[in-house]
Amino acid sequence: MQDIRVNYDEEADVLYVSFGQSEHVTGIELADNILLRLDTGQASGTPPKAVGLTFISFSQMMDYYHDQPLHVPLANLRNLSEELWQAVLTVTTTPPVSDFLAVGLFLSPRVPPLPELVTV
């Protein structure tokens, strides 16, 4: 079992969740106020792994979401390289990150409004 550490800085209102350590960490902003700390595995030739999560303005987020899962739309990450996108997708959809976030892709078609029916 992985050693997960959770620390809350009340003064800064920041929650830090640590899944381990790495010498090669990249920060990815998943959404406003949510940062993923990620080891892509590129430097060591290993699979990507989550190093931690940082939740900024944590108490405000909890006031808003209450007991609902926090959904993170991955559309926010469309400007990442394909390799980094795949690493983020891999770690966010598996434990331990998926124990803290519900990450998903959503279809939002841009369909023009249907014309109004005209009776003759």
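The values are calculated or read from the model by the stated rules, or taken from the named source; none is laboratory data. A quick note: this is a predicted structure, and the numbers were derived from the prediction, not measured.
Considering only residues that are aromatic (Phe, Trp, Tyr), closer than 20 Å to LEU53 by Cα and either assigned to a loop (DSSP other than H, G, I, E, B) or at pLDDT below 85 (or both), which ones fall in the stretch 78-120? Matches in the stretch 78-120: PHE100 only. Selection over the stretch 10-37 of residues that are of a type in the set (S, T, N, Q), under 13 Å from PHE58 (Cα atoms) and part of a strand (DSSP E or B) gives a count of 0. Note on the stretch 32-77: among residues that are aliphatic (A, V, I, L, M) and modelled with pLDDT of 85 or more, the one that is farthest from ASN7 (Cα to Cα) is LEU38.
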